Amino acid sequence: MFRLTNPVKRYAWGSTTALPALLGAEPDGRPVAEIWMGAHPVDPSVNEDGTGLDRLVADDPAATLGPGVRGQRLPFMAKLLAAAAPLSLQVHPTAEQAEAGFRREEAAGVGPDDPGRSYRDRSAKPELLLALEETELLAGFRPPAEADRMLSGLGLDVLAPVVARLRAADAQDVSRAALEAILLDPAPRELADAVTRRVRELERGGRRTEYATVARLAEHHPGDVGIVAALLLNQLRLAPGEVVYVPPGMVHSYLRGAGLEIMATSDNVLRAGLTAKHVDVAELLRLVDPAPGVPDRLEGVVAGAGTVYRPPVRDFALWTLRASAGPAVPGAGPRIVVSCGGRATVSGEHGSLDVDPGECVFLTHADGPVELTTDGLLAVVHCPETAPSLV
């Protein structure tokens, strides 16, 4: 077992206070958006002598991963995430889509660090979020009739082409068609500005607070057509401790809040708005799942002294422990132990480590079973196929 030092991402949407508070650090006024924990080759965590986790795994996959992990690479990563402003409107690919997209960009000579690159690896990117504070997100398409009501309620002729697509009874993917009409509008800024003006008129009249999210998006991204696309999407609020699963293909945007995000080891993001980063509207429209629906809120299942959350993927699962002592965690496969609040101790045959809030420890397959204690919240990210007694 060893403690990891993790890359800090200071994206503009990050909170200046949430993650410093978790870490017990003094805020410096700069945003702290994400803390990456894992072996992604773009920016891996490192051990105490500075060796990247990706290199440690590659040098001895039998000891670090064990026999049950496919591909001889760490299949999951975790991120502490804190959003003070909305993230981009985005979709993540399936494994097949990622492989095809990666090969296509490699063949086209798009460099790995090129800001115009969409596929930075060959992996799918399913995601799970454990909310650590109240968190809001947009995710999945509303039922077409509900989206129609939201758009028609603004009373704007400029939205008529979008509404018409939602009402096309013979279409199999009316939500995708409506999203396409918004994102490919020939005058996107004018469309966004018209919707913004109308929403602000309604707010001043105290009439339609259901458009408040559109107004907030317009404050952060004025003139961005993504604020109009938001009208097609469900809005969810997570209480601290709730867990949500966002599958590949589901369009989404985190609006505010903080949590522990767990995903396959991937940085593949297709964006279509609400960002200054590279957008690839055509590719997002090709990948997006047009079916209406909301992300699954996962119900935890008691597993020993903790609770396990198992999404419908092979790459990762989450086990949590709250203010408890002494439970043994099975020794099969790789595990990342994250303190999401409070102090913790990880003890095993090869030693013991104290873990402060926001810190994490990597457990190898060779470390075997360990015992955990915490006076707060501890999360263990693991492979469900290699630690079956946790699931």
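Just so you know, all these numbers are worked out from the coordinates, no wet-lab data involved. Everything numeric here is computed off the predicted structure, so don't read it as measured data. Backbone-built Cβ (ideal geometry, glycine too); neighbour counts: all protein chains shown.
Structure values in brief
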read-out	value
Global form of the stretch 141-232, assessed from the alpha-carbon gyration tensor, a/c cut-off 1.5	prolate
Gyration tensor verdict on the stretch 67-122 (Cα atoms; rounded if a/c is under 1.5, prolate if a/b is larger than b/c, oblate otherwise)	oblate
Around residue 136: net Lys/Arg minus Asp/Glu count, Cβ-Cβ under 13 Å	0
Net +/- balance of residues flanking residue 240 in space, Cβ distance below 12 Å, scoring K and R +1, D and E -1	-1
Where labels lie 7 Å past Cα in the beta-carbon direction, separation of residue 62 and residue 149 in nm	6.2 nm
Three-way shape call for the stretch 339-391 based on the alpha-carbon gyration tensor, with the a/c threshold at 1.5	oblate
Under 5 Å, built H, 5+ apart or other chain: amide partners of residue 355	344, 345, 346
Point-to-point label distance, residue 291-residue 23, nm (Cα→Cβ direction, 7 Å offset)	4.0 nm
Listed candidates [x] 22.1, 87; [y] 20.4, 65; [z] 21.7, 69 - label of the one calculated as Rg and Dmax of the Cα atoms in Å	[z]
For the chain, with +1 on Lys and Arg beta carbons and -1 on Asp and Glu, the positive-most of 29, 311, 202 along the dipole	202
The stretch 307-391: GluC sites (Glu not before Pro) in DSSP coil with no more than 13 other Cβ atoms inside 10 Å	349
For the chain, size of Cβ-based charge dipole, Lys and Arg +1, Asp and Glu -1, in debye	920 debye
For the stretch 11-52 versus the stretch 175-209, the gap between their alpha-carbon centres in whole angstrom	35 Å
Fewest-first ranking of 13, 319, using other Cβ atoms within 10 Å as the exposure measure	13, 319
Unit charges at the beta carbon, dipole of the chain: most positive-side option, 221, 116, 53	221
Order of 15, 324 under a 10 Å beta carbon neighbour criterion, fewest first	324, 15
